[in-house]
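Okay, so here's the structure we're looking at.
The values are calculated or read from the model by the stated rules, or taken from the named source; none is laboratory data. Please read all numbers here as calculations on a predicted model, not as lab measurements. Ideal geometry is used to build each Cβ from the backbone, glycine not excepted, and the neighbour counts take in all protein chains shown. Accessible surface is based on the protein model in full, side chains and every heavy atom, while ligands, DNA and RNA are left aside. Shrake-Rupley method; radii C 1.70, N 1.55, O 1.52, S 1.80 Å.
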Amino acid sequence: MNNFIVAIDGPAGSGKSSISKIVAEKLGFTHLDTGAMYRAVTLEAIRRKINLENEDEYDFLDNISIIYKDDKIYLNNKDVSKEIRTDDVTLNVSTSSKIKKVRDKMVFFQRKSCENGKVIVDGRDIGTIVMPNADLKIFLTASAEERAKRRCKENELAGLESDYDIILNEIKERDFKDSTRKIAPLKKANDAILIDTTSLTIDEVVDKIINLINGRLYSMENFELDTKELKVKDVVEGEVVQIEDDKIYLDIKQFTEAQMHLDHYTTDKTITSFKGLVNKGDKIKCQITKIDDEKIFVSRLHQLSEENYKNVIEASKTGKKVNVTVKKEVNQGYMVDYNGNSIFMPKSVAGADTKIGDKIEVIILPAKEENKKPIASRKALLDLEYQEAKSLELSKINVGDVIEAKVVKVEKYGAFLKYGMVQGLLRAKDYSHKFVDIQKEIKNGDVFNVKVIKKDENNKLEFSRKVLIDTPYEAFVKEHKISDKISGKVVEKTGFGLILEIAPDLKGLLHRSEYSHNPNDNLANVVKIGDVLDVAIIGLNDSKEKVSLSRKALMDNPWEKVDAKVGDVVDVKITSITDAGLNVDAIGVDGFIPLSEALSEGKKDLSAFYAIGDEAKAIIIEINPKEWRLKLSIKKYEEIESRKEFEKYLNEDSENANSNLGEMFKDVLDK
């Protein structure tokens, strides 16, 4: 056959995915990875930068194609098998998967992927929703206790710690939600083959499924006439080919049609004719009651009993409430009637007030179809009602809600908090803005407010306490504003400035340009780690929670009062003497007189001519207010003063010379 589809459904932990992969590999089938298809949708949504939680933004689904072929996933005809495994897709796939529009479109893509070839598809709604016409449907199941044991063993092999009771409760809760959800609930298709894996190994389950597939393939490829030798009590399925008032004929692929009388179709005496009750082409499952050389007689009554019992099985799987009647008391319990089926209810789960004739509500506990020994329980009903109340309470809790919760368990990685009937996880990183050992910080019984920050599709909650607490920056800005004077301790030196601790767990930057008005001032060379500086707040960046500081904002700029120019003569006072020259105080700012401008040529020992505190006059030879640079010269001042004296002497000498000549040549001039 060119096309053959196997649909395998089952609850979480039943082993359907791993078993499907093994069977597909052994038979050379394609195992359709439905998870990869959801990842492909998520990848496209991320690329389009849509709001993943807004169903209205998934309109692009009508304009894309997703096909799973040869163990590769193709998005718009491009292999994206690697791209869908990125962390970004992994973190967001659960969000897109819960969108109804996405799930509906996935059904279309999954069916397209199964149009050619031999394919195995597993999930929770494959046989009922995705592939209702699958050639073979299998429903894998196992007891909740067995699935919990398997999960614990898997975690142990992965090096993870497990709590069996927690995992068991999670599995039961997941089963309840999966089977009662409105969209594509988990249930066994009517024509699916049930395989309980509780007491089977993986190899045994794989062999059983392979035999079923091979048998179905063989029958579909070679069927012409069922040559199997029928015997009384065999169960067959026939197609209605002829209808009379009290009899119908069914094609069961044998040498003759099978006959069924009305009293073997129903026990309802008010029904008097087949006409209007069945139609040609209807398929009816029935049991062989008699075979002779020319005729085969069949009855549906046994199947009616089976169908009634299936109602019990269905009720036990769905966990829904059913009404039963207490018929009689037996050892250790009661026998109750449910739709003609007698069910045992132990006294331990019946309730002290139970008596014969009572019509009560119960839950039918999971029962194996082959042993027909279901158990009814009023206690389980109470548990169900508790779960329903818990689900209702969960439905009222939304992301963003602030609730008061109580600590019930503290682990190294976080704490479990209880609110009413529900629990959630407060991770250690979400407890405080700074790192704390949460096991030392809190204890069982502590109560405090938290905010709901996550609620996944399984209604698991995550809380945060730190989002309700001011960050160190937020606490700081409530008490401070720009221009406030504060003190800060130097905790780090960097190439661009000093880092100061200005509050617990909060640091600010004193940029080197804010050390002083003097651009040559290198405060970092002066201060030590641990020194406390007075600074002013000059910037608050709320988005980055950064504080900018300034030291020069607290200082006056003496250069703002300077009004001088090159060539001006000013008074100076020597403040220090170095080998390079004299540091002086002049016109209210610091100035410098180089050695060459302090002494005459040939003289090099400044201390022989000057002392700290000496005052003198000097001439400005360079001035730059922006760079706080003032250079002066005593030598040039003295040279100018000397030149003035010399020029004065020359003037006086010239006048004297003219007077003496006049007297000497007075007589000559008079003549």
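Values computed for the structure shown
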{"item": "Rel. contact order, % - alpha carbon contacts under 8 angstrom, at least six apart, the chain", "result": "6"}
{"item": "LEU468-SER600 pseudo-label distance in nm [points 7 Å out on the Cα-to-Cβ vector]", "result": "8.7"}
{"item": "For the range 308-324, 3J(HN,Hα) per residue [Karplus equation, 6.51 cos²θ - 1.76 cosθ + 1.60, θ = phi - 60°, Hz, x = Gly/Pro]", "result": "4, 5, 4, 4, 5, 4, 4, 5, 5, 7, 7, x, 6, 6, 10, 9, 10"}
{"item": "Inter-label distance for LYS285 and ASN651, nm, one decimal - labels placed 7 Å from Cα along Cα-to-Cβ", "result": "13.7"}
{"item": "Helical mean residue ellipticity (222 nm; -39500 (n - 2.57) per DSSP H run of 4+; nearest 500) of the chain", "result": "-9000 deg cm²/dmol"}
{"item": "HIS480 versus ARG85: modelled label distance in nm, points set 7 Å from Cα along the beta carbon direction", "result": "5.0"}
{"item": "The range 100-187, accessible area per residue, ligands and nucleic acids excluded (1.4 Å, Å²)", "result": "51"}
{"item": "Between helix 164-180 and the chain: long-axis angle, C-alpha atoms, 0 to 90°, nearest 10", "result": "70"}
{"item": "Under 5 Å, built H, 5+ apart or other chain: amide partners of TYR334", "result": "MET345, LYS347"}
{"item": "Portion, in percent, of the accessible area of the chain that falls on carbon or sulfur, probe 1.4 Å", "result": "47"}
{"item": "Estimated FRET transfer efficiency (VAL330, LYS101; beta-carbon r; R0 60 Å; 0.05)", "result": "0.65"}
{"item": "Computed Kirkwood radius, in angstrom, where 1/r is averaged over Cα pairs of the chain", "result": "35.2"}
{"item": "Calculated Rg and Dmax of the range 280-423 using C-alpha coordinates, Å", "result": "22.9, 80"}
{"item": "3J(HN,Hα) from dihedral phi, the range 145-154, Karplus parametrisation 6.51/-1.76/1.60, rounded to Hz, x for glycine, proline", "result": "5, 5, 5, 5, 4, 4, 4, 4, 5, 4"}
{"item": "Longest to shortest principal axis, alpha-carbon extents of the range 287-332, angstrom", "result": "51, 28, 15"}
{"item": "Acute angle (nearest 10 degrees) that the helix 100-113 long axis makes with the longest principal axis of the chain, alpha-carbon atoms", "result": "70"}
{"item": "Cα-based helix-to-principal-axis angle, 378-395 vs the chain, degrees rounded to 10", "result": "30"}
{"item": "Accessible area in square angstrom per residue, the range 365-521, 1.4 angstrom probe", "result": "58"}
{"item": "When the range 467-591 is reduced to its Cα atoms, the Kirkwood hydrodynamic radius in Å", "result": "16.9"}
{"item": "Within the chain, longest stretch free of exposed GluC sites (Glu not before Pro) [DSSP loop, at most 16 other beta carbons within 10 Å]", "result": "458-544"}
{"item": "log₁₀ of I(q)/I(0) at q = 0.21 Å⁻¹ - the range 133-219, Debye sum with one point per alpha carbon", "result": "-1.10"}
{"item": "Added length on full extension, which subtracts the Cα-Cα distance from 0.36 nm per residue, THR198 to LYS390", "result": "66.2 nm"}
{"item": "Residues with amide H under 5 Å from that of ASP614, placed H, sequence gap 5 or more", "result": "ILE574"}
{"item": "Neighbour cut-off at most 15 other Cβ (10 Å), DSSP loop, trypsin sites (Lys or Arg not before Pro), the range 259-304", "result": "LYS269, LYS280, LYS295"}
{"item": "Point-charge dipole on Cβ atoms (K/R +1, D/E -1) for the range 336-489, about Cα centre, debye to 20", "result": "560"}
{"item": "Amide proton proximity set for ILE193, modelled H, under 5 Å, gap of 5+", "result": "LYS137, ILE138, PHE139"}
